[in-house]
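Since the structure comes first, as structure tokens, the remarks are kept for the end.
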Amino acid sequence: MTTSPTVFVTGATSGIGRACAELFSEAGARVIATGRRAERLEELAASLPGPCRTLQLDVRDADDVAAQVAGLDDEFAEIDVLVNNAGMAIGRDGLHEMSPGDSAAVIETNVIGALNVIHAILPAMVARGRGHVVSIGSNAARDVYAGGAVYCASKAALDRITKGMRIDVLGTGVRVSTVDPGMVRTEFNEHRMGDPEAAAEVYRGMTPLTPRDIAEIVAWVVGRPDHVQVAEVLVYATDQAGHGQVARRGGGS
Ligand code: NDP
Ligand code: 8X3
């Protein structure tokens, strides 16, 4: 990694993505913060200590993603690090209760959206012979649970894309990593459940990871010397051992 890298973060308007944008900016990086919510992007950019560009984009729109990446000004055009973070889940219904539209939205965001950003950024990394793609996967990539068929499938697909990409770019100098968190307290479950109280219940009595915890791991992965490629990191809260295996011993909020 260069001393003042350019870092492109998807889903920077909230949670893990926002924490990554903040931490990289604090460390001296140029940050390209992206997401759909323009006001949040503006507020984030104003709060960051270092240089920042914002791109209001929906990762599902391949043409717009490609056009906005191609339109970056010279200072931000050479992307050193892609934090492929944007993602979501919808509900905890069984597959037989879920609408086709919701299933498609999860796959389009978490899989096709991630691919759209990779397609827009990876070729130039390969051409330059350096770069790092860090995807935010999930413990859900390694397991499946009731009401999680589509979300888990999306994260398993992202994991295969990550592993395949690492093989494809072997020998080019580009590094490919995945950071797979367990329970992190963000807006993720508020959107998933559509109800703040149901979302709070997910973390009842346990101490979840924070977005900053994950950002610090992403920064550590990126900060290894160029010849070191951390392939994958699975990180749980101390109060978690797997999906549904949670110690509710009175911590958290
Ligand atoms: P948040 O809901 O807090 O953040 C999700 C981010 O993704 C937002 O910035 C949102 O921005 C962005 N996003 C969602 N859909 C799109 C889209 N179509 N186009 C562009 N941006 C989009 O959740 P987290 O921070 O928790 O989630 C970040 C990643 O971490 C996700 O991939 C999630 O699957 C993963 N993860 C989360 C865990 C957790 O426990 N929280 C655990 C394991 C993995 P906007 O709405 O402005 O577009
Ligand atoms: C989000 C974590 O366990 O709710 O990726 O699927 S989980």
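The values are calculated or read from the model by the stated rules, or taken from the named source; none is laboratory data. Since the model is a prediction, treat every value here as computed from it, not as a measurement. Please note: Cβ atoms are built from the backbone with ideal geometry, for glycine as well, and neighbour counts cover all protein chains shown. Heads up: the accessible areas ignore ligands, DNA and RNA and are worked out on the full protein's heavy atoms, side chains in. Shrake-Rupley method; radii C 1.70, N 1.55, O 1.52, S 1.80 Å.
With r as the distance between the Cβ atoms of Asp226 and His119 and R0 = 30 Å, compute the FRET efficiency 1/(1 + (r/R0)^6) and round to 0.05.
Efficiency, from the Cβ-Cβ distance: 0.80.
What does the accessible area per residue of the chain come to in Å², with a 1.4 Å probe and no ligands, DNA or RNA counted?
45
Using only Cα atoms, what is the ratio of the radius of gyration of the chain to 2.2 N^0.38 Å?
Ratio of Cα Rg to 2.2 N^0.38 Å: 0.97.
Roughly to the nearest percent, how much of the accessible area of the chain is carbon and sulfur, given a 1.4 Å probe?
53
For the chain, take the longest principal axis of its alpha carbons; what is the angle in degrees between that and the long axis of helix 114-128, to the nearest 10 within 0 to 90?
The helix 114-128 is inclined about 30 degrees to the chain.
Along each of the three principal axes of the Cα atoms of segment 136-230, give the extent in whole Å, ordering the values from largest to smallest.
48, 27, 17
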